[in-house]
Amino acid sequence: MMKIASTFLVSLFCCSIWAQKKINSDSLLLVTNKTINEVKDYTKALELARLGKKIAPNYLDFHIALGRTHRFLNQKDSAAYYFNYVIAKNPRYREAFLYQTQLCLEQQDTACARVTLHKGLELHPNAIELEKLKIRYLATQADEAKTLAYLEQLSAKYPNDARLKEQVLELKLVSNSNRISVSYNYTGFNRPGVGPWNYTSLSFVRQRPGFSLIGRYSYANRVSYGQTKNSGSLFEVDAFVRLLPFSYSYFNIGTGNENFFPKLRLSYSGFINWNGGWESELGMRYNQSINNESYNGIAGLSKYIGNGFLNLRSFFRFNQKPYPSFSVNYRNYGPNRFNFWGASIGYGTSPDEREVLPQFAQRVTLKSYRFGLSYSKVFFKQWIMSASTSINRQEYFENKFQNELNLSLQLQYQL
């Protein structure tokens, strides 16, 4: 009986020692992760994780902690070693696939990210963290159609995930969407009896990866001494087409009533994307009115600077006296190209200013100094509100100037 009792006490003592060790390992892991996540003392976290690995060499969470700590210390090779060690030892650790894929994407190693994601999702097909990380990987492949298809698949799989729905709408907005747009432009003058000028447009935009097609109807109405002096309509089709990975083109054709807008309007610009965030533009504009034809060339140079876009453009006639115009435009972008604020300065009149097309032949020969501000914002995921204002010091006869105030508002809705 005494022997049985002694054996029981020894067994109980051994179990107590084993439990104590386990508790110590778990407690140490908690402290290690807190040091990484909250205290952010990565040198101390490294010491704790190494101690944990020494106490419990088969406790793979300490290897995960070591990999994370090395990653935060920018020791990428060491981080990859520990993540891959865990994947090899126990593929059930989906966190190892998650952190290793993040590391691959940080190093812009898309091959590594693809292989790790494929293996991780094969073993953990319902790991939403890995599924969402695949969105980041697909975004690096510049295949918007494939990214959108995968996002829609995930959104259907997780219908209560609001963020996935937002991402679907956001990507559709910039790559694969149908939009309707209405805009209004008001021009006021400081000369008695002149103006205001009103310009309204209704557009339909069909945007797909690699091209955009825009149909536009515009109506202009000009008032003098409180009564309509003249008015007219303009019908246009615009197209943006990416012909090569580093180049895209803009095409425009339009027609209006001859006594107001050009009877025929043709436009083309070719854009080339260069290394270092540079972009160049060369193109032409043609306007045929009742008694006038104008051929205009365009040359532009742009530079992406962080979230900003700086653009310099010049128009010049080449079938008559050149009368060049110049403009400098800057935009600072938010999450996408529909969220921005901008500023511009310019001299002269360009054929891209639709509001003054009826007077382009006259205005292009006169001096013009302008400054403008613009702002655009996406609301409720599907609405885009844009507003701009500019002040123009315009010569209307030689050495006689008037001030013009332009106010513009545009509203777009994604269908």
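The values are calculated or read from the model by the stated rules, or taken from the named source; none is laboratory data. Remember, it's a predicted structure, so these values are computed and weren't measured experimentally. Quick reminder, even Gly has a Cβ in these numbers, built from the backbone with ideal geometry, and neighbours come from all protein chains shown. These accessible areas exclude ligands, DNA and RNA; they are computed on the full protein's heavy atoms, side chains included. Shrake-Rupley method; radii C 1.70, N 1.55, O 1.52, S 1.80 Å.
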Requested in this report: Answer with a single label: of (i) 20.8, 64; (ii) 31.9, 123; (iii) 42.4, 134, which was calculated as Rg and Dmax of the Cα atoms in Å from the structure in view?
Outcome: (ii)
Query - 222 nm mean residue ellipticity, helices alone, for the chain (DSSP H n ≥ 4; -39,500 (n - 2.57); rounded to 500) - result: -11500 deg cm²/dmol
**Report entry** Accessible-area value, Glu281, 1.4 Å probe, nucleic acids and ligands omitted, Å²
**Finding:** 10
**Report entry** Whole-Å distance, taken between Cα centres, linking region 223-280 and region 367-415
**Finding:** 17
Query raised in the report: With Cβ to Cβ distances under 13 Å as the rule, what net charge do the other residues near Lys76 carry (K, R +1; D, E -1)?
Result: -1
Report task. Return one whole number: the accessible area per residue of region 118-210 in Å², for a 1.4 Å probe. Result -> 51
Report task. Please identify, among Gly226, Gly254, Gly342, the residue showing maximal mean-square fluctuation in a Gaussian network model of the chain using a 10 angstrom Cα cutoff. Result -> Gly226
Report task. Report the residue, chosen from Gln75, Gln382, Gln167, that carries the largest GNM mean-square fluctuation when the chain is represented by alpha-carbon nodes joined by springs under 10 Å. Result -> Gln75
Query raised in the report: When the accessible area of region 63-155 is split by element with a 1.4 Å probe, what percent falls to carbon and sulfur?
Result: 47
Query raised in the report: Just by accessible area at a 1.4 angstrom probe, what is the order of His63, His124, His118 from largest to smallest?
Result: His118, His124, His63
Query raised in the report: With every protein chain left in place, what is the accessible area of Trp383 in Å² (1.4 Å probe, nearest 10)?
Result: 100
Requested in this report: List the pair-distance distribution P(r) of region 125-179, using every Cα-Cα distance, as the percent of pairs falling in each 5 Å bin from 0 up to the bin containing the longest distance, rounded to whole percents.
Outcome: 4, 20, 32, 27, 13, 3, 1, 0
Query raised in the report: Of Arg317, Arg370, which has the most accessible area with a 1.4 Å probe, and how do the rest follow in descending order?
Result: Arg370, Arg317
Query raised in the report: Where the only charges are on Cβ atoms (+1 Lys, Arg; -1 Asp, Glu), what is the dipole of region 90-169 about its Cα centre, to the nearest 20 debye?
Result: 180
Query raised in the report: In nm, what is the difference between 0.36 nm times the number of residues separating Tyr81 and Phe240 and their Cα-Cα distance?
Result: 52.6 nm
Report task. Identify the GluC sites (Glu not before Pro) of region 336-415 meeting these criteria: DSSP loop state and at most 14 other C-beta atoms within 10 Å of the C-beta. Result -> Glu398
Query raised in the report: Antiparallel DSSP bridges in the chain: what percent, to the nearest 5?
Result: 100
